[in-house]
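S.K.: Below you will find the structure I want to go over with you.
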Ligand code: NJP
């Protein structure tokens, strides 16, 4: 029960992986703190956690792209709670060909997926530096390793998350703080109601999709351990390794599969 009594802040906790991580943390005796914009959903999840696991569960409304809100929410939390783990999970993607990119949408993706994650990290990191322990877990993506058609902006945000995470990991090691990147492939969540409005991508990859409960278990297994990355599924991880060595070969051989969006 290494998580017993540990405070775990989860952004994007109102659905999908974030919600499942919250349940898994509570199941293992940790105390999840839920953040997202949908306060009503958070209230229901918190109530379920309290009733099912008998764990106190606090939640707050937070739009991670709003710097003032990030400051206020984390200042309030840090005044009363010693945060042990931060899971930067809030994020969204929109799949479009480059000629159809809407710049305000692209900016919003960067504001949430990248700058929001950096803002939340900064608030918790200085606290963890002082106590010389803690764990920051950033949900990136396999799209942060291999960029594929129709996901240029989303892939750019996740490449940015991985770049930030890799640098942070080296700095944080000086203070005994662990930093982990989570790189999943497609997962059955609400993500695709925004990312893939035509439903084409989901239809094509349905049989490979990961269950959010499975991803959550793997993320929670890594908590408070010096795990560098959680890469799922395994075969996609092998693919991204091969891509790093032979990018043009993988782009040629995988072209048909990559175009299935
Ligand atoms: O998606 P979904 P996932 N401020 O839509 C929140 C990555 N990922 O669980 O604010 C604060 O069920 C939103 O809450 P709300 C993906 O990039 C996914 O799949 O109430 N929170 C909700 O709780 C993302 O980083 C796949 O609307 C904001 C949560 O984010 C993470 O996994 C594959 C927010 C999204 O839950 C979780 O996504 C992959 C904001 N401005 C990586 N905007 C996949 N599903 O296939 C959104 O490689 N949220």
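S.K.: Given only helices, namely DSSP H runs of n ≥ 4 each adding -39500 (n - 2.57), what is the per-residue ellipticity at 222 nm of the chain, to the nearest 500 deg cm²/dmol? Kindly include the intermediate steps, with their values, before the conclusion.
M.R.: Values: 12 runs with 130 residues, N = 261.
Here the helix-only value at 222 nm equals -15000 deg cm²/dmol.
S.K.: Rounded to the nearest 10 degrees, what's the angle between the helix 212-222 long axis and the longest principal axis of the chain, both from Cα atoms, 0 to 90?
M.R.: 60
S.K.: I need 87, 250 ordered by Cβ neighbour count within 10 Å, fewest first.
M.R.: Least to most surrounded, the residues fall as 250, 87.
S.K.: How big is the Rg/Rh ratio for the range 3-60, C-alpha atoms only, Rh by Kirkwood, two decimals?
M.R.: Ratio value, two decimals: 0.91.
S.K.: A further question on this structure: Among 244, 142, 47, which one moves the most in a GNM of the chain with springs linking Cα atoms closer than 10 Å?
M.R.: Among 244, 142, 47, the largest mean-square fluctuation in the Gaussian network model of the chain belongs to 244.
S.K.: Please order 53, 154, 175 by the number of other Cβ within 10 Å, starting at the fewest.
M.R.: Sorted ascending by nearby Cβ count, the order is 175, 53, 154.
S.K.: What list do you get for 102, 63 if you sort them by fewest beta carbons within 10 Å?
M.R.: Fewest to most other Cβ atoms nearby, the residues stand as 102, 63.
S.K.: May I pose another question? Compute the orientation-averaged projected area for the range 7-258 from the convex hull of its Cα atoms and round it to one decimal in nm².
M.R.: Hull-based average projected area comes out at 13.4 nm².
S.K.: Relative to the longest principal Cα axis of the chain, at what angle does helix 117-131 sit, 0 to 90 degrees, rounded to 10?
M.R.: So the helix axis and the longest Cα principal axis differ by about 40 degrees.
S.K.: Using Cα atoms only, what is the angle between the long axis of helix 152-172 and the major principal axis of the chain, expressed in degrees (0 to 90) to the nearest 10?
M.R.: 40
S.K.: If each residue of separation counts as 0.36 nm, what is the full-extension length gain between residue 38 and residue 214 once their alpha-carbon separation is subtracted?
M.R.: Between residue 38 and residue 214, full extension yields 61.0 nm more.
S.K.: Here is a further query. What does the convex hull of the Cα atoms of the range 219-258 come to per residue, in Å³, rounded to a whole number?
M.R.: Spread over its residues, the Cα hull of the range 219-258 gives 71 Å³ apiece.
Read-outs throughout are calculated quantities, based only on the coordinates presented, and are distinct from any laboratory measurement. In this text, all values refer to a predicted model and were calculated from it rather than measured experimentally. Neighbour counts run over all protein chains shown; Cβ positions are idealised from the backbone, glycine included.
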